[in-house]
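Structure first, then comments.
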Amino acid sequence: MPFLKHPLIRAVCIAQSLILMVPAAPVYAASTKTITCDSQDFERVRCDISNKSVRLKRQLSASSCREGRDWGYDKRGVWVDNGCEAEFEVTQDSGLSGGEAATAILIGGLLLGALAMGDDDKKAPPTATTSAATPPNWAVGGFRGRNPSTQKNEELTVEKNGQVRIIRQGQALQAQWLNGQQFRLQNELFRAERIAGGLRLTHASGQSSDYFLLD
């Protein structure tokens, strides 16, 4: 059969044959567990646990537990602050079994090898990709502060994906979070640092202003 001479088609056929040889089983199995994390003496505390996702299950403290301000998480654990104590439901991946992992590696290798054997003149040039920097958890949320240049109040919103928006004198301005604790608004560079109840923005010129979380 001439069409089987195409390396990609040949690899797919082999991969399908290998899949039929593997007993049916779920590739990933998610498991959940509940942990308690406590910000003792109103200090920032980190509870290390690998996870896929985390949700607040039950608040135990009288102090507020607001995500992004009083608690947050990354793939390596959960943190609490400002006196927040709560139970968190953590979702984890159990991963692939040994046989499933070996089969996945073999199939992946066959497909990658087939692609590498394709005609060089048909390969598309690599496309450069960029990813937005992720702001720290304490910088995520909605804030209000006073612009030292205009002497007027304005609102600042920082999203988890690094998108930043400023409502200045009725106009919505878009910005992007950069590496570290900086973001660029048009041609202006700002540095953010954490303060009680919000954050402080310092312009490249040295002017600074405080922004506090919206209720």
Requested in this report: Go through the stretch 27-67 residue by residue and tally those that are touching a Leu at 6+ places or on another chain (Cβ under 9 Å) and within 25 Å of T134 (Cβ to Cβ).
Outcome: 4
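Could you pull out every one of the strands (runs of 3 or more DSSP E) wholly within the stretch 26-93 that has 3 or more residues that are within 20 Å of G141 (Cα to Cα)?
Per the criteria, 53-59, 71-74, 77-80.
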Report task. Inspect all residues belonging to the stretch 141-148 and state whether any of them is surrounded by 15 or more Cβ atoms within 10 Å (Cβ to Cβ) and out of contact with any Asp or Glu (no Cβ under 8 Å at 6 or more places or on another chain). Result -> yes
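Among the residues of the stretch 203-215, which ones are at pLDDT below 90 and on the phi < 0 side of the Ramachandran plot?
Step one: list which residues in the stretch 203-215 are at pLDDT below 90, which gives 203-209, 212-215.
Hits for the stretch 203-215 are H203, A204, S205, Q207, S208, S209, F212, L213, L214, D215.
State yes or no: is Q174 surrounded by fewer than 13 Cβ atoms within 10 Å (Cβ to Cβ), under 23 Å from the mean Cα position of the chain (by Cα) and at pLDDT 85 or above? If you could, list the steps in order and put the result at the bottom.
Working: surrounded by fewer than 13 Cβ atoms within 10 Å (Cβ to Cβ): yes; under 23 Å from the mean Cα position of the chain (by Cα): yes; at pLDDT 85 or above: yes.
Taking the combined requirement at face value, the residue satisfies it.
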**Report entry** Looking only at the stretch 43-65, and only at residues there that are small (G, A, S), exposed (fewer than 13 other Cβ atoms within 10 Å of the Cβ) and free of Cβ contacts under 8 Å to residues at least 40 places away in the same chain, the one that is nearest to G77 (Cα to Cα)
**Finding:** S53
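Only one residue in K152, K122 is at pLDDT 80 or above, loosely packed, with under 13 Cβ neighbours inside 10 Å, over 14 Å from L199 (Cβ atoms) and among the basic types (K, R), so which one is that? Break it down into steps so the answer makes sense when it comes.
Numbers: K122 fails: at pLDDT 80 or above.
Only one candidate qualifies: K152.
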**Report entry** Candidate set: the stretch 67-95, residues that are among the charged types (D, E, K, R) and touching a Cys at 6+ places or on another chain (Cβ under 8 Å); chosen: the one surrounded by the fewest Cβ atoms within 10 Å (Cβ to Cβ)
**Finding:** E85
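The values are calculated or read from the model by the stated rules, or taken from the named source; none is laboratory data. Note that the structure is a prediction, hence the values are computed from the model and not measured. Virtual Cβ from ideal backbone geometry, glycine too; neighbours counted across all protein chains shown.
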